[in-house]
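Asks: Dropping a structure here in structure tokens format, bear with me for questions.
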Amino acid sequence: MGIRIVPADAWIDPSRAVDRALVTHGHADHARGGHGQIIATPATLAIMAVRYGVADGAVPASYNEPVALGGGVTATFLPAGHVLGSAQILLEYAGERVIVTGDYKRSPDPTCLPFAATPCDLFITEATFGLPVFRHPPIADEIARLLAARAANPERCVLVGAYALGKAQRVIAELRAAGWQEPIYLHGAMEAMCRLYVDQGVPLGDLRPAAGVPKPDLAGAIVVCPPSALNDRWSRRLPDPLTAMASGWMRVRQRARQRGVELPLVISDHADWDELTTTIAEVNPAETWVTHGREEALLRWCELHQRRARALALTGYEDEDD
Amino acid sequence: MQRFAALLDGLLLTPSRNGKLTLIADYLRETPDPDRGWALAALTGAVDFAPVKAGTVRGLMADRVDPVLWALSRDFVGDTAETASLLWPEPEPAPQGQPPTLGEVVTALTAATRANAPTLLASLLDRLDTAGRYALIKFATGALRIGISARLAKVAFAQAFAVSVDAVEEYWHGQSPPYTPLFNWATGAAPPPRTDLLPLFRPFMLAHPLENEVISLTEYVAEWKWDGIRVQLVHVNGVTRVYSRGGDEISASFPEIAGALPFPAVLDGELLVRGNQQGGEAGGAASFNALQQRLGRKTVSRALLTAAPAFVRLYDVLIDNGEDLREQPWTARRARLEALMPRLDPEQFDLSETIAAADMNALAEIRAGARDAAIEGVMLKRRESPYVAGRRTGLWYKWKREPLLIDCVLMYAQRGSGKRSSFYSDFTFGCWDGDPDAGAELLPVGKAYFGFTDEELKLLDRHVRQHTVAKYGPVRETDRSLVFEIAFDSVHVSKRHKSGLAMRFPRISRIRQDKPAHEADRIEALRALVT
């Protein structure tokens, strides 16, 4: 149900309410509500406040500033490059250094600070895309495909399914960077999180609710919604939407096909295979633990490269929508 | 190759039939010869480069990727070509010049030998991106498996050039890739290819299942639906060929049939083996199982010819001594067929008798007896129907007998491929070999991978994941707690299975979550249904 820090009597990303939780980032499967004390970055706390209301026990931890947890344990939150506010957690105890990566990526993202590779003894890494078939292409190529599909279908609108926290804002920011200055329309579930990003200093340009806009006005527009709304009743209000999905899983054709996606965009906020393996090599820990995702392949890679590694089975994390 | 790769990806991601037709039609119009012809060949399953097999691709990958990482990746992706296209190491330095065209690929692979095929394929793969590599492997191994039927490709061809699809079907056979005469005809550059000089396959007329249609026997004639394989016999210029349903030539497997048609004609019938299971002594045909041992053989031993002699029960005549009868009504063709019978050896040919019934109620009673007679059901053919390719509404109906049902327990599951990759969708199920409360075991009796909806598939996938007790490579063994009602057409004795039984057309008819596993059926219950 999470990783327990025994000497400090605290948990990292617990899936049930506990007295004291350290939270790596704001995705719902990592950040649950109801904890006594929550230690997280200010941005993660702000995200959790949007989701669960302001928590009494919120303790902000700035990046790179050690927090004494008691029991001789110090925790330092380091940028993870996953979404706004996301952090790796460095734990120091009796001269030993442990890093829990949470979710992370190495490719550039205008909406959050880049991953900081930091030496440690034990590296607990995620493995969501831990298979060598996963190589995320440069995001500029995927954004260019999105814009080309839009231009080729002037009567339709492009409906982009994207995780409401992080992925949606990254896609919007990258569209802006590619020169798309028209209004971008949002599903209702996206609005609060986009507002929060803007408040936290991430410019997203002209955003408007899709609800209430007459159908013809959305021809040629780009609309962003959560993946669950792609083929839902909600999308019937749109003019013959061309369904796109921004996800690392889109790398595999049949996954795109199963979701009924016409335009798969391989955009992920997780490390791909090359990032996972080069990060282990760069951090160069004495031992690696591999958790939530496809552990077996990454463990095999560690074995082939004479690195000590083991699987850490954690349940309750779901990244199927990434 | 890039354009073909884009076509494949488009077809994979376009759900609607019309969308697929447009994609193929646009491609065929806009792509030059011979590339479009080779693409068409690939879509219709007519591409085969003998030295390039799926094993060639696996061999190339084994030299480049760790076997464990390959196996994990292949299992996740669910498709060898796609896995290889994703894992192929990008060459350094990046290749110069254009990626290969389809025509160039064909020239290279046609000249390939078993020895140099891997090197050749590797050098082509080096010149392509991920999508191009996927398309090349699919093309070179001849196994597209992207859910496009040959028929759909032909309809798209007809749509692309505004010609009739029946004409496309007619001229198709006898043509080989890259089909240049066919494109020349369709684009108006040349007259249609001649079909009367060669022993060519003509597309079969097929039947719709009878559902709620009201049928009068004054308008329709009834025949038995014999359980063999549908064949077409073509004799032109002293050469006889036997074709199966899909237009594959099977003459070599049935020399006694191929040698027995002495005059020019095209005949339609059911290939059967002599016996008495179907319709008793009078029926004169063995079960489908007996026919199965004759299928797929390149040569046939004298012993097998004697043990399982084949014959054709004739349904129809398409062409008689050069005269095309297909436009004529069934009654006229039937009269011509009957007139031909005295000229045929009764050892190899007989006539499919029509069934005399006063009305549909009477026919229903006769059909109800079809189970004991081990016949699949009855056919209803409109007396006025011409012989047309494919299924046309209102002309021919098949009225199969009701399926048999038995309750089995899910034992093993395997992931599917294609659309169902990642889903556990191939199920092995068993029956008890005695009293389950007295320590009986489950014995596998069959395998099914259809009969359920997409929603049910999700439920079954979840069940398998949550009830796994052991894994054997890609196979999961479950805790044997879920009961399936299995529907099947018949069951036969088989030495291949531990249970000694083999079902025909098993499918999952219902998921019986309400039924405890120990109440599932026993092997004896299934054995009692053997025909």
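Asks: Rounded to the nearest 20 debye, what is the charge dipole size of chain B about its Cα centre when +1 sits on each Lys and Arg Cβ and -1 on each Asp and Glu Cβ?
Replies: Magnitude of the dipole: close to 600 debye.
Asks: Would you work out the charge dipole size for the protein assembly as shown about its Cα centre, treating the Cβ of every Lys and Arg as +1 and the Cβ of every Asp and Glu as -1, and quote it to the nearest 20 debye?
Replies: It comes to approximately 1240 debye.
Asks: Please report how far the C-alpha centroid of region B:21-37 lies from that of region B:59-76, rounded to the nearest whole angstrom.
Replies: Here the two parts' Cα centres lie 34 Å apart.
Asks: When Lys and Arg each count +1 and Asp and Glu each count -1, what net charge do the other residues less than 12 Å away from A:Val133, Cβ to Cβ, add up to?
Replies: +1
Asks: Using only the Cα atoms of the protein assembly as shown, build the gyration tensor, take square roots of its eigenvalues as a ≥ b ≥ c, and label the shape rounded, prolate or oblate: rounded if a/c is under 1.5, else prolate if a/b is larger than b/c, else oblate.
Replies: Verdict is prolate for the protein assembly as shown.
Asks: How big is the gap, in Å, between the Cα center of region B:280-351 and the Cα center of region A:89-120?
Replies: 75
Asks: Could you list, bin by bin from short to long, the percent of Cα-Cα pairs of region B:404-527 in 10 Å steps?
Replies: 14, 48, 33, 5, 0
Asks: Less than 13 Å Cβ to Cβ from B:Ser301, Lys/Arg counted +1 and Asp/Glu -1: what total charge do the surrounding residues give?
Replies: So the surrounding residues net to +3.
Asks: Please list, in chain and number order, the residues 5+ apart from A:Ile5 or on another chain whose amide H is under 5 Å from its amide H, with Hs placed from the backbone.
Replies: A:Ala10, A:Trp11, A:Ile12
Asks: Per-residue mean of other chain beta-carbon atoms within 10 angstrom of the beta-carbon, peptide A:243-255?
Replies: For this peptide, the per-residue mean of nearby foreign Cβ atoms is 4.
Asks: How many angstrom lie between the C-alpha centres of region A:229-277 and region B:418-484?
Replies: Taking the Cα centre of each part, region A:229-277 and region B:418-484 sit 30 Å apart.
Asks: Under 10 °C and 1.306 mPa s, how fast does region A:54-199 diffuse according to Stokes-Einstein, given a Kirkwood radius computed over C-alpha pairs? Answer in µm²/s, whole number.
Replies: It diffuses with D of about 89 µm²/s by this estimate.
Asks: Now for a different question. Which one of B:Tyr179, A:Ile38, A:Tyr52 is farthest out on the positive end of the charge dipole of the protein assembly as shown, using unit charges on Cβ (Lys, Arg +1; Asp, Glu -1) and the Cα centre as origin?
Replies: The one lying farthest along the dipole's positive direction is B:Tyr179.
Asks: Next up: Based solely on C-alpha atoms, express the radius of gyration and the Dmax of region B:314-444 in angstrom.
Replies: Looking at region B:314-444, its Cα Rg and Dmax stand at 22.9, 69 Å.
Asks: Still on this model: Measuring from the lowest to the highest alpha carbon on each principal axis, how far does region B:2-141 reach, largest first, in angstroms?
Replies: That works out to 42, 34, 30 Å along the principal axes.
Asks: While we're here: Have a look at B:Leu442, B:Leu410, B:Thr428 and report the one farthest towards the positive end of the charge dipole of region B:404-527, computed about the Cα centre with Cβ charges (Lys/Arg +1, Asp/Glu -1).
Replies: The Cα lying farthest towards the positive end belongs to B:Thr428.
Asks: Quote the relative contact order of region B:2-141 in percent (integer), defining contacts as alpha-carbon pairs under 8 Å separated by 6+ residues.
Replies: After rounding, I find 38 percent.
Asks: Quick one: 3J(HN,Hα) in Hz for region A:281-289, Karplus 6.51/-1.76/1.60 with θ = phi - 60°, rounded, Gly and Pro as x.
Replies: For region A:281-289, the Karplus-derived couplings read 5, 6, 5, 6, x, 5, 8, 10, 10 Hz, x marking Gly and Pro.
Asks: Positive end of the charge dipole of the protein assembly as shown (Lys, Arg +1 and Asp, Glu -1 on Cβ, about the Cα centre): tell me which of A:Cys120, B:Ala131, A:Ile99 has its Cα farthest that way.
Replies: Positive-end residue among those listed: B:Ala131.
Asks: Would you kindly state the longest site-free stretch of chain B, with sites defined as GluC sites (Glu not before Pro) in a DSSP loop (not H, G, I, E, B) surrounded by at most 16 other Cβ atoms within 10 Å?
Replies: That would be B:1-210.
Asks: Assigning unit charges at the beta carbon (Lys, Arg +1; Asp, Glu -1) and nothing else, what dipole magnitude in debye, to the nearest 20, does region B:404-527 show about its Cα centre?
Replies: 640
Asks: Here's a follow-up. For chain A, modelled as a Gaussian network with Cα springs under 10 Å, which listed residue fluctuates most, A:Thr277, A:Thr41, A:Thr101?
Replies: Looking only at A:Thr277, A:Thr41, A:Thr101, the largest GNM fluctuation is found for A:Thr277.
Asks: Kirkwood hydrodynamic radius (Cα pairs, Å) of region A:139-265?
Replies: Answer for region A:139-265: a Kirkwood hydrodynamic radius of 14.4 Å.
Asks: Compute the relative contact order of region B:205-400 as a whole-number percentage, counting only Cα pairs closer than 8 Å that sit 6 or more residues apart in sequence.
Replies: Here the relative contact order equals 32 percent.
Asks: For region A:13-120, how big is Rg over Rh, using alpha carbon atoms and the Kirkwood form of Rh?
Replies: 0.95
Asks: Turning to a different aspect of this structure: Averaged over its residues, how many other protein chain Cβ atoms are within 10 Å of peptide A:262-273's Cβ atoms?
Replies: 1
Asks: Which entries of B:Lys154/B:Lys447; B:Lys398/B:Lys495; B:Lys225/B:Lys515; B:Lys154/B:Lys458; B:Lys20/B:Lys381; B:Lys447/B:Lys471 show an alpha-carbon separation above 26 angstrom in the structure shown?
Replies: B:Lys154/B:Lys447; B:Lys398/B:Lys495; B:Lys225/B:Lys515; B:Lys154/B:Lys458; B:Lys20/B:Lys381
Asks: Let me ask something else. Along region B:433-448, what does the Karplus equation 6.51 cos²θ - 1.76 cosθ + 1.60 (θ = phi - 60°) give for ³J(HN,Hα), rounded to whole Hz, x for Gly and Pro?
Replies: Using θ = phi - 60°, the values come out as 8, x, 7, x, 7, 10, x, 5, 10, 8, 10, x, 10, x, 9, 9 Hz.
Asks: Counting only other chains, and only Cβ atoms inside 10 Å, what mean value do you get across the residues of B:208-216?
Replies: 0
Asks: Also: What is the set of long-range amide H partners of A:Ala58 at a cut-off below 5 Å, with H atoms built 1.01 Å from backbone N?
Replies: For A:Ala58, whose amide H was placed from the backbone, the distant partners under 5 Å are A:Ile38.
Asks: Once you have a ≥ b ≥ c as the square roots of the Cα gyration tensor eigenvalues for chain A, tell me rounded if a/c is under 1.5, and otherwise prolate or oblate according to whether a/b is larger than b/c.
Replies: It comes out prolate by the Cα gyration axes.
Asks: Related question: Based on the Kirkwood radius over alpha-carbon pairs, what is the Stokes-Einstein translational diffusion coefficient of region A:238-307 at 20 °C with 1.002 mPa s viscosity, in µm²/s?
Replies: Calculated translational D: 150 µm²/s.
Asks: Would you grab the residues whose amide H sits under 5 Å from the one on B:Leu501? Only those 5+ places off in sequence or on another chain, please, with H modelled 1.01 Å from N.
Replies: B:Ser494
Asks: Sticking with this one: Please turn the phi angles of region B:254-265 into ³J(HN,Hα) values with the Karplus equation 6.51 cos²θ - 1.76 cosθ + 1.60 (θ = phi - 60°), one per residue in order, whole Hz, x for glycine and proline.
Replies: 10, x, 5, 7, 4, x, 9, 9, x, 9, x, 6
Asks: Now for a separate question. Note down the relative contact order for region A:139-265 as a percent, whole number, built from C-alpha pairs under 8 angstrom at least six residues apart.
Replies: Relative contact order of region A:139-265: 35 percent.
Asks: How big is D for region B:205-400, in µm² s⁻¹ as a whole number, if Stokes-Einstein is applied with the Kirkwood radius of its Cα pairs at 20 °C and 1.002 mPa s?
Replies: 124
Asks: Over the Cα atoms of chain B, each weighted equally, I'd like the Debye log10 I(q)/I(0) at q = 0.05, 0.13 Å⁻¹, rounded to two decimals.
Replies: The calculated log intensity ratios at q = 0.05, 0.13 Å⁻¹ are -0.25, -1.48.
Asks: Rg to Rh ratio, region B:216-271, alpha-carbon atoms and Kirkwood radius?
Replies: 1.09
Bear in mind that the values in this text are calculations on the coordinates, not laboratory data. As the structure is a computational prediction, the values presented were derived from the model and not from experiment. Because the Cβ atoms are built from the backbone with ideal geometry, glycine has one as well, and the counts that use them run over all protein chains shown.
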